[in-house]
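Notes follow the structure.
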Amino acid sequence: MQWLDPRPSAPALLLRAADGTLYDRSAVSGRVLIVNFWSIWCRPCREEMPALQRLHSRFGDKGLAVWGVAVGDAPESVAEFGSTQGLRFPLLPDPERETLATWDVSALPTTAVVDKRGRIAFRVIGDAAWDKPPLSDHVAALVQGP
C-alpha cells in the first residue's frame, strides 16, 4: 500500500459499462471511490474481486463506490464475467487501454482509493484482501471522515 502525501487530484475517468451506462468520476464527488484496474486474463485480479464485492456490500450504502476498470477486455466478456461472478459493482471495459497512462497504472491489478474531495489517498499494486484489516479499516475511515 502506498499512501500519497500530498494527495494528488484523481484524473478524469469517463467510461461506459457494457449495458450502456456512462460512469464519470466527477459525478461521485463527496463519496469515496475505489478504482480497481484489472483484466479477465489476470488471475490475481480475478481472485481479489470477491473481496471488492464484499467491501462494496459493506460500505456501498454508506458513501463508497467501487468501479472495476477492465483493461483491454471486450464489453461482452466483462459483462459475462461480472454476471457469472455475482459482482454488483460497475465493471467498466477499457478495451483500448486508454486509462493506464492517465492513472499511472503499470501493473495489474492496481487500485486507487479516491477520497471524498476527489484526491487519491492511497494506491495498492497487486491483489489485496480489501474486505479485511488493515485495508477495510482504511476505507472505513475515509468513508466515515470529512
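The values are calculated or read from the model by the stated rules, or taken from the named source; none is laboratory data. Keep in mind the model is a prediction, meaning the values are calculated, not measured. Here the Cβ is made from the backbone with ideal geometry for all residues, glycine too, and neighbour counts use every protein chain on show. When the accessible area is computed, the model is the full protein with side chains, heavy atoms only, and any ligands, DNA or RNA have been set aside. Shrake-Rupley method; radii C 1.70, N 1.55, O 1.52, S 1.80 Å.
Here are some notes:
- Each residue in segment 44-54 was checked for being open to solvent by 80 Å² or more (accessible area, probe 1.4 Å) and touching a strand residue (DSSP E or B) at 6+ places or on another chain (Cβ under 9 Å), and 1 pass.
- Across segment 85-106, the qualifying residues are those that are touching a His at 6+ places or on another chain (Cβ under 9 Å) and surrounded by 14 or more Cβ atoms within 10 Å (Cβ to Cβ), and the one among them that is nearest to SER29 (Cα to Cα) is PHE89.
- Scanning segment 107-122 for residues that are closer than 18 Å to PRO8 by Cα, within 15 Å of the chain's Cα centre (by Cα) and open to solvent by 30 Å² or more (accessible area, probe 1.4 Å) turns up LYS116, ARG119.
- Test: residue in segment 84-98 that is under 25 Å from LEU142 (Cα atoms), without any contact (Cβ under 8 Å) to a residue 12 or more places away in the chain and either touching a strand residue (DSSP E or B) at 6+ places or on another chain (Cβ under 7 Å) or of a type outside the set (Ser, Thr, Tyr) (or both): no
- When GLU96 is tested against (1) over 15 Å from the mean Cα position of the chain (by Cα); (2) over 16 Å from ALA10 (Cβ atoms); (3) assigned to a helix (DSSP H, G or I); (4) not hydroxyl-bearing (Ser, Thr, Tyr), exactly one condition is not met: (3).
- When PRO11 is tested against the conditions (1) modelled with pLDDT of 95 or more; (2) more than 18 Å from ALA107 (Cβ to Cβ), the lone failure is (2).
- So ARG43, is it of a type in the set (Lys, Arg) and without any contact (Cβ under 8 Å) to a residue 24 or more places away in the chain: yes
- Residue list for segment 17-43, filter: at pLDDT 95 or above, open to solvent by 50 Å² or more (accessible area, probe 1.4 Å) and in contact with a Pro (Cβ under 9 Å, 6 or more places away or on another chain): THR21, TYR23
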